[in-house]
Amino acid sequence: MNDDPSEPHLTASLRVGMRIVVRFAIAGDGDAPEGGPTLTDAVGELLRIDERALVVRTRRGEVTVEQSRVVAAKEVPPAPSRRGRPHLAVSMTDLQELMVEGMPPLHQEWLGRWLLRSSDGYTGRGNSVLPLGDPGVPLDDAMSRVQAWYAERGRPPLVQLYGPTGFDVARDELGAWALAHGWRVFQRTLVLTGPVEALAAAPAPAVEVAVHDRADDAWFAGATAREQEHADTLRAMLARIQDASYLVASHEDEVGAIGRVAYGSAWAGVFALHVRPDLRRRGLGRALLRAAGQDAQSRGVRSAYLQVSADNEAAVELYRSLGFDTHHEYWYARP
């Protein structure tokens, strides 16, 4: 939080829908008890904001704060759903929703609390239904609408099914529907979370890592063949990210490894970590991840997430050695 009241535009980075904390002066003579605090905080969802004031939905109702009274403001993570370390206390649903900010689809539409996503067929995350709650209609009707929505875009329907580690897809309502209709369930993916502090302090070899605010030609030169094949779509998706860093690790003046960090909801999402095949097991990935942690730490972010295929044992081992834990997992299902 920026505690310097003299700095202008203290709320310029805030957007409607964010969960924020705003510190502001208690207005008016006599509003504050004698000898008591002169500042107070409001924590909750930002409902409205303009040059005059902002409105925050808190546990106790809506709070209107005049811009002239604000002394500090920042985005904060979703409220914890359980006790424990911050990176594990967030709920699966909240984490799934905030991860969308790190890989935003080109097209989306809400069906109740289901998010339908389409991105020209590039990535499962960009082209699947994310069920975050009640679709607002019976399940059969919801799935009929899903299939029609994807058919209009020339794509097969794809749904993402998430749950605790080792959950049985057949016991999930949507998973059971998919199996009963002959859909195929595939690609188990782990969602890992960890403390930024541990990532930033991880031991790693001395490797030059450049951090940029956009994906330049050097970054794309180190991307996977699939990312390069879909470069236009990927560039369009990356352009929708509000705040991100693009990392390039060098080896003998050439690109050795790349990655990116997407910031949103006071979390850091690690994506697109790729080490050149002939340079693997030399510590480039570890150095790049440490740099990602340091970049996140410099922004005051405390927790990080990433997603990795469960069968990528080498990557999972690396991430666990850097302090990441399994938060939950997900599968995809399609006809």
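Counting alpha carbon pairs within less than 8 Å and at least 6 residues apart, what relative contact order, in whole percent, applies to the chain? If you can, show how the numbers build up before the last one.
Details: 646 pairs, mean separation 62.8, N = 335.
Dividing the mean separation by the residue count of the chain yields 19 percent.
Averaged per residue, what accessible surface does the chain expose to a 1.4 Å probe, in Å²? Write down the numbers at each step before the final one.
On the way: 16870 Å² over 335 residues.
With the other protein chains kept in place, the chain gives 50 Å² per residue.
Rounded to the nearest 20 Debye, what is the dipole magnitude of the chain about its Cα centre when Lys and Arg each give +1 and Asp and Glu each give -1 at the C-beta?
It works out to roughly 740 debye.
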Report summary line: The alpha-carbon pair-distance distribution computed for the stretch 136-254, with 5 angstrom bins and whole-percent values, is 2, 7, 11, 13, 14, 14, 14, 10, 8, 5, 2, 0
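In debye, nearest 20, what is the charge dipole magnitude of the stretch 50-176 about its Cα centre with +1 on Lys and Arg Cβ and -1 on Asp and Glu Cβ, if you could check? Kindly include the intermediate steps, with their values, before the conclusion.
Working: 16 positive and 17 negative charges, 107 e Å.
Roughly 520 debye for the stretch 50-176.
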Report summary line: With +1 on the Cβ of every Lys and Arg and -1 on the Cβ of every Asp and Glu, the dipole magnitude of the stretch 222-283 about its Cα centre, in debye rounded to the nearest 20, is 240 debye
Query - For the chain, with +1 on Lys and Arg beta carbons and -1 on Asp and Glu, the positive-most of TYR319, ILE49, GLN297 along the dipole - result: TYR319
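Where does the chain land at 222 nm, in deg cm²/dmol rounded to the nearest 500, when only DSSP H runs of n ≥ 4 count, each adding -39500 (n - 2.57), divided by all residues?
On the way: 10 runs with 81 residues, N = 335.
Value at 222 nm, helices only: -6500 deg cm²/dmol.
Nearest-5 percent of antiparallel DSSP beta bridges in the chain? Before the final figure, lay out each step's value.
Values: 69 of 74 bridges.
Beta bridges within the chain, antiparallel portion: roughly 95 percent.
Just to verify a number: FRET efficiency for HIS212 and SER81, C-beta to C-beta distance, R0 = 41 Å, to 0.05?
Details: r = 35 Å, r/R0 = 0.85.
That pair, HIS212 with SER81, gives E of 0.70.
Calculate, for ASP253 and GLU109, the FRET efficiency according to 1/(1 + (r/R0)^6) with r their C-beta to C-beta distance and R0 56 Å; round to the nearest 0.05. The partial results should precede the final answer.
Values: r = 46 Å, r/R0 = 0.83.
So the FRET efficiency works out to roughly 0.75.
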Requested in this report: Would you kindly find the accessible area of MET18, with a 1.4 Å probe and non-protein molecules such as ligands, DNA and RNA excluded, rounding to the nearest 10 Å²?
Outcome: 20 Å²
Query raised in the report: Where in the stretch 297-318 does the amide nitrogen come within less than 17 Å of the point 7 Å from the Cα of ARG280, taken along Cα to Cβ?
Result: 308-318
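Within the stretch 111-243, what whole-number % of the accessible surface is contributed by carbon and sulfur, with the 1.4 Å probe and all protein chains included in the calculation? Numbers along the way, then the final one.
Numbers: 3020 of 6450 Å².
C and S atoms contribute 47 percent here.
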Query raised in the report: Packing-wise, with mean Cβ within 10 Å as the measure, how do 304-315, 321-332 rank, highest first?
Result: 321-332, 304-315
Query raised in the report: Once Rg and Dmax of the Cα atoms in Å is worked out from the coordinates, which option in [x] 20.5, 67; [y] 21.8, 70; [z] 19.1, 60 does it equal?
Result: [y]
Report task. Name the residue, out of SER13, SER81, SER245, whose mean-square fluctuation peaks in a Gaussian network model built on the chain with Cα pairs under 10 Å. Result -> SER13
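The values are calculated or read from the model by the stated rules, or taken from the named source; none is laboratory data. No experiment lies behind these values; they were computed from the predicted model shown. Here the Cβ is made from the backbone with ideal geometry for all residues, glycine too, and neighbour counts use every protein chain on show. For the accessible areas, the whole protein counts, side chains as well, though only heavy atoms, and no ligand, DNA or RNA atoms are used. Shrake-Rupley method; radii C 1.70, N 1.55, O 1.52, S 1.80 Å.
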